[in-house]
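Here's the structure, in structure tokens; my notes come after.
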Amino acid sequence: MSKDNSQIKKTKPLARKKTLVAYSFILPNLIGFLIFTFIPIVFSLLLSFCEWDSGNPIKFVGLKNFIVMFTKDSSFWIALKNTLYYTIVTVPVTMAFALFLAILMNKPLKGRVFFRSVLFFPYIASLVAVAVVWMALFNPDRGPVNSLLLAVGITNPPRWAASTTWAMPTIIGLTVWKGMGYYMIVYLAALQGVSAELYEAASLDGANKWKQFLHITWPSVTPTTFFILMMLMVSTFKSYDTMYITTQGGPGEATKVLAYHIYNSAFVSSKFGYASAVAMVLFGIIMVVTLIQFKGEKKFTSYL
Amino acid sequence: MSEINYKTTASAVKTVLIYTALILMAFIMLIPFAWMISASLKLEKDVFSFPIVWVPSDPQWNNYLEIWNKVPLLTGFINTAKLTMFTTILQLLTSSFAAYAFAKLEFKGRDTLFMLYVMTISIPWQVYMVPQYKLMTWFGLTDSHLGLILMHAFTAMGVFLMRQFFVSIPNELLEAARIDGLSEYGIWQKLMLPLSKPAIATLCITSFTFEWNDFMGPLIYLSSQKKKTIQLMLRMFNTQYSSNYAQIMAAATVALIPVLILFVFLQRYFVEGVASSGIKG
């Protein structure tokens, strides 16, 4: 016992010094992280139970924000519906393109670096710039896309971002075009990890390309698919900058999404408590999606 | 003999198909940029003429001169360059510093703290942008570059990325350095940083492109004209001169150039960064 004590006494100053050194490494980042990220996150949760507009002090109102949101705010439901629409179309289309391109690129090709660069570049290009170009191309009256459609005999081309029906597909098109190169590279990295011997063995056994895809490629990239699925869903759920830049959520409320509703409630209507409540719903959705995918990933990739 | 012929023909057809598909996709990716550059060199009345004239016979280089006077684009450039530089440096220093402790030092509370970082990675900014704005108002950091720099410099993603890389550096190297009398700070500076060039490149590129392209942050935080960033200036051009497509396209081209240059020279690091971590904030 006494021996143990002396042992502790001996090591204590050293351990303390070690801890001090370690914290000196962490603190510069940790302080910034706590103040600018972590506290706002906690604050967001608290604020969602409060009423706070610019002039008046914060007032605790319990569940009022959520009750108003679910029962009285038709904009919230429209935004939720639009967010789901945007996500449900964007995610699978982007993934399909990304995987298709990755499979094409997973071969010794001439100009591979060129193709990879060209497909990837839109991802890192400024959204404001490419959105401006996209809107000009799809200008309903004069844009080259509709000029082309008219020229090939389509007399009544869609009015794209100016139409309540076509505004969302236009934005989805822009999102898919901009993002697929990124996910292609993630898929490509996964495909390069699949051993070529598997394919050789399969083709000796007489499996055609489709069978090889189904039984080798697809199962091998399942973990990547889950990873991409999660990343894409989080990124589409939170997205509103594209809508802000292209359509301002319109026409009407056709492209108003949840994150846009948060932005509007806070920075246009100055309802900070209410905006935080909507943010909590967004957060909840993202958490649920993440959890489901966590479970799903474990279940579907266990046989590998 | 015919068997071999059949096989080579089939694989030739396949190769042609692959190239056709890739060229088609590359075409789709490039057309908007090609149209942008082409339109930026046209007279306004010719921008939407159809069929499209891809190479204007009389290129209007003047468009590229006039845009600087219409909207203070240069101010935007300088402001964005400043924000980008400071955010990137601060992020690189503090996250590699913290990552060293998380990866290589043992201390109480390490795993709990690291969990705290990891947990916030998947929480999007949109969830906490409102209270964050209120906090920044209290600190008097709205409409200031410092506010934006501080908001963007301490990301969980940066710490995570550096830590994952540091973990892969063998402990034996560190032990040898300790025996040679290097302090922990010396190890960070003389051993970890030089060995982590790929991770540093990835972090710098990620931070640079994020900051250069960021629109919503500056939109919410910066209100005075002289502090606005290039993306806000581009947006302003688009709304104030909305019928002047040729010059809007010139401004868009100019705003894209820095990232394009960086990409051309460092595209390997861009791609490796995505491929290795597959994660971006």
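Coordinate-derived values only; no laboratory data. Source: prediction; values computed, not measured. Neighbour counts run over all protein chains shown; Cβ positions are idealised from the backbone, glycine included.
Summed over qualifying helices (DSSP H, 4 residues or more, each -39500 (n - 2.57)) and divided by its residue number, the protein assembly as shown shows a 222 nm mean residue ellipticity of -23500 deg cm²/dmol. Counts of other chain beta carbons within 10 angstrom of each beta carbon in peptide B:93-99 average 5. Overall, the ratio between the Cα radius of gyration of segment A:136-175 and 2.2 N^0.38 Å, rounded to two decimals, is 1.09. The magnitude of the dipole of chain A, with charges of +1 and -1 set on the Cβ of Lys/Arg and Asp/Glu and taken from the Cα centre, is near 1100 debye. Extents of chain B, largest first, come to 77, 71, 35 Å (Cα atoms, principal axes, whole angstrom).
Each peptide in A:93-101, A:286-294, B:69-77, A:260-268 was scored by the mean count of other Cβ atoms within 10 Å over its residues; highest first, the order is A:260-268, A:93-101, B:69-77, A:286-294. Calculated translational diffusion coefficient of the protein assembly as shown (20 °C, 1.002 mPa s; Stokes-Einstein with Kirkwood radius over alpha-carbon pairs) equals 81 µm²/s. Springs between Cα atoms under 10 Å define the GNM used for chain B, and in it the highest mean-square fluctuation of B:MET192, B:MET119, B:MET249 occurs at B:MET119. By the Kirkwood approach, averaging reciprocal distances over each pair of separate Cα atoms, chain A gets a hydrodynamic radius of 23.5 Å. Its Cα gyration tensor gives segment B:205-254 an equivalent ellipsoid, and the semi-axes of that ellipsoid, as √(5λ) in whole Å with the largest first, are 21, 15, 7. Amide H contacts of A:LYS271: A:ALA266, each under 5 Å away and 5 or more positions distant or on a separate chain (H built 1.01 Å from N in the peptide plane; Pro and chain starts excluded). Rg and Dmax over the alpha-carbon atoms of segment B:130-234 stand at 18.7, 56 Å.
In terms of packing, defined here as the mean over residues of other Cβ atoms within 10 angstrom, the peptides A:204-213, B:205-214 line up highest first as B:205-214, A:204-213. Computed from the C-beta positions of B:ARG178 and A:LEU27, the FRET efficiency with R₀ = 22 Å rounds to 0.50. For chain B, modelled as a GNM whose springs connect Cα atoms under 10 angstrom apart, the maximal fluctuation among B:LEU146, B:LEU219, B:LEU24 occurs at B:LEU24.
Relative to its residue count, segment B:220-281 spans a Cα convex hull of 126 Å³ per residue. Put a dot 7 Å past the Cα of A:ALA196, heading toward its Cβ, do the same for B:SER168, and the two dots end up 2.3 nm apart. Here the Kirkwood formula, the inverse mean of 1/r across different C-alpha pairs, assigns segment B:29-162 a hydrodynamic radius of 19.3 Å. Spherically averaged projected area of the convex hull of Cα atoms, segment A:40-139: 11.5 nm².
Counting Cβ atoms of other protein chains within 10 Å of each Cβ in B:21-34 and taking the mean gives 6.
Extension gain for the segment A:LYS298 to A:THR165, taken as residue separation times 0.36 nm less the Cα-Cα distance, is 44.0 nm to one decimal. Among the listed pairs A:LYS81/A:LYS271; A:LYS238/B:LYS134; A:LYS64/B:LYS134; A:LYS256/A:LYS295; A:LYS295/B:LYS14, a Cα-Cα separation exceeding 28 Å is found for A:LYS256/A:LYS295; A:LYS295/B:LYS14. Under conditions of 10 °C and 1.306 mPa s, segment A:176-277 yields 94 µm² s⁻¹ as its translational diffusion coefficient, taking Rh as the Kirkwood radius over Cα pairs in the Stokes-Einstein equation.
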